[in-house]
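Comments concern the structure below.
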Amino acid sequence: MDPDVTGTMIRARAFERFLARNYAGVQIVDRRMGSYNVPHEQQVAEDTLRAHPHLDVIVDLMSPSVDGTLSVLDASPAIHGIKVIGFDLAGLPSLEQNPHLDCVIQADTRSMGRRAIELIHARQLGQSAPHVISLPPKLITRANIDSQEVRGMLSQDWTLGRWQWTSSQ
């Protein structure tokens with residue numbers, strides 16, 4: 001977790017509250033501060049695995065943490081069975097290429113951008129618009145990684161004229 005990023009701290013607290021409410025048997029054994037430095041995140045993963053060799057799951061709240069953890073797990077063939085749950089990866093998650101990566105919880109930034117444009121447009125027309133909108137993240141798994149919804153959400157194709165930014169979509 002990067003304490004300088006408020007959203008990451010909010011995410012961590014919400015995740016822990018959800019686990020406590022819905023999965024009382026799940027035990028969090030370690031919390032580490034993260035950074036946007038992948039080699040640092042590799043060291044954090046190594047330290048965590050050394051201190052807790054019998055982990056079932058590692059939850060990485062930031063993309064560099066996922067990269068660091070997967071790098072360590074990939075380089076350690078003796079480590080089996082540990083799953084990684086990642087958040088907000090850059091680009092298409094490598095679920096098929098990496099057996100340790102179980103799923104990704106991804107913000108739908110394309111929908112965020114579309115909704116922002118729609119709200120700005122509504123306000124320019126003098127229409128009322130909500131001050132806060134919640135857009136749920138998408139759980140990306142092996143079962144839905146190839147779906148049109150996930151592919152569209154993660155597409156980096158910003159070709160002019162390809163995307164229709166209207167509320168009719």
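Where a number appears in this text, it was derived from the coordinates with a stated rule and is not lab data. What you see is a predicted model, and the numbers here were worked out from it, not measured in a lab. We place every Cβ from the backbone using ideal geometry, glycine too, and count neighbours over all the protein chains shown.
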Using only the alpha-carbon atoms, how far is helix 38-51 inclined from the longest principal axis of the chain? Give it as 0 to 90 degrees, nearest 10.
40 degrees
Using the basic label-point model (7 angstrom from Cα toward the beta carbon), what is the R110 to R142 distance in nanometres?
2.4 nm
Using 0.36 nm times the number of residues separating N98 and E118, minus their current alpha carbon distance, what extension gain do you get?
3.4 nm
Taking I117, I10, I58 and counting other beta carbon atoms within 10 angstrom, the fewest-first order is I10, I117, I58
Can you give the convex hull volume of the alpha carbon atoms of the range 23-105 per residue, in Å³?
98 Å³
What is the range 1-91's relative contact order, in percent, from Cα pairs under 8 angstrom and six or more apart in sequence?
28 percent
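Would you compute, from DSSP H runs of 4+ residues alone, the mean residue ellipticity of the chain at 222 nm, taking -39500 (n - 2.57) per run and dividing by the full residue count, rounded to the nearest 500?
Numbers: 5 runs with 66 residues, N = 169.
Computed ellipticity for the chain at 222 nm equals -12500 deg cm²/dmol.
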Can you tell me the orientation of helix 6-22 relative to the chain, as the angle in degrees between its alpha-carbon axis and the longest Cα principal axis, to the nearest 10?
70 degrees
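Work out the P(r) tail for the range 6-154: percent of alpha carbon pairs separated by more than 22 Å, whole number.
Values: 5362 of 11026 pairs.
Tail fraction, whole percent: 49.
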I need the GluC sites (Glu not before Pro) found in the range 1-109, filtered to DSSP loop residues with at most 12 other beta carbons within 10 Å of theirs.
E96
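When you count, for each residue, the other Cβ atoms within 10 Å and take the mean per peptide, how do 60-71, 20-31, 100-111 rank with the highest first? The partial results should precede the final answer.
On the way: 60-71: 22.7, 20-31: 9.2, 100-111: 18.0.
Those peptides, ordered most packed to least, come out 60-71, 100-111, 20-31.
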Before anything else, pin down the relative contact order of the range 6-154: Cα pairs under 8 Å, at least 6 apart, normalised by residue count, whole percent.
17 percent
